[in-house]
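Peer 1: A single structure is presented below for examination.
No lab work stands behind these numbers, since they all come straight from the coordinates. It should be emphasised that the depicted structure is a prediction, and the values quoted were computed from it without experimental measurement. Heads up, the Cβs are rebuilt from the backbone with ideal geometry, glycines too, and the neighbour counts pull from every protein chain shown.
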Amino acid sequence: MTTTDLIPGRYKIVTDCGVSREVIIQAPPEAQTTQKSIPLYKVTIAQSNSTHPEYVKMDADVYNVGEVFEFYVVNEGPDSLVCANIQKSYTIAHIMDNGSYQNVDTSGPVQPAISYMKPGEATIVFRVNTHQWLPGRYRIIFDCGGVSRDFILREYPKVTS
């Protein structure tokens, strides 16, 4: 019998040597769950020059600087995607005004080796904190099949009275 089989309360335990001791079994703490955030706005932006942006699952395309957002990737195609790392990884780049990219976040560690993402296979959910990022257009570049999707970070709207 384990303590998980016991009902919470006080128990007297007697060992083979005749030593007795009182033990209190407490109920396990309630599981705490975090409510899923729901965007208060829904905007779809043009995905120019993105590769299979529909594979990257996000709840919005526009976020405020400082927000934490989540995304994951699902291979919705008929063929396996070739991946450049053992662990599926991503890079997020800020798309500059001149069209160049400045990397701002990556998942790691990078373990170069060819792997595959089968049709219907999904990644874990990635969480990204945009706390110190600048407003602008960004691109998530996944290491499998070059899958990418753009999103916009905007300055948090200021409330005026």
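Peer 1: Consider Y138 carefully, then state whether it is part of a strand (DSSP E or B), surrounded by 16 or more Cβ atoms within 10 Å (Cβ to Cβ) and not polar (S, T, N, Q).
Peer 2: yes
Peer 1: Among what's in segment 66-77 and is closer than 24 Å to P112 by Cβ and of a type in the set (A, V, I, L, M, F, W, C), pick the residue that is surrounded by the fewest Cβ atoms within 10 Å (Cβ to Cβ).
Peer 2: Ranking the qualifying residues of segment 66-77, first place goes to V74.
Peer 1: Looking only at segment 72-125, which residues are in contact with a strand residue (DSSP E or B) (Cβ under 8 Å, 6 or more places away or on another chain), under 19 Å from T51 (Cβ atoms) and not in a strand (DSSP E or B)?
Peer 2: Within segment 72-125, N75, S80, K88, S89, S107, G120, E121, T123 qualify.
Peer 1: For segment 78-134, name all the residues that are loosely packed, with under 14 Cβ neighbours inside 10 Å, free of Cβ contacts under 8 Å to residues at least 40 places away in the same chain and either within 19 Å of D59 (Cα to Cα) or aromatic (F, W, Y) (or both).
Peer 2: Listed by number, the list holds a single entry, Y116.
Peer 1: Follow-up. Checking R149 against (1) basic (K, R); (2) free of Cβ contacts under 8 Å to residues at least 60 places away in the same chain; (3) in a strand (DSSP E or B), which test does it fail?
Peer 2: All conditions are met except number (2).
Peer 1: Of the conditions (1) part of a strand (DSSP E or B); (2) in contact with a Pro (Cβ under 7 Å, 6 or more places away or on another chain); (3) of a type in the set (G, A, S), A60 satisfies every one except a single condition; which number is it?
Peer 2: If we test A60 against (1) part of a strand (DSSP E or B); (2) in contact with a Pro (Cβ under 7 Å, 6 or more places away or on another chain); (3) of a type in the set (G, A, S), just (1) comes out false.
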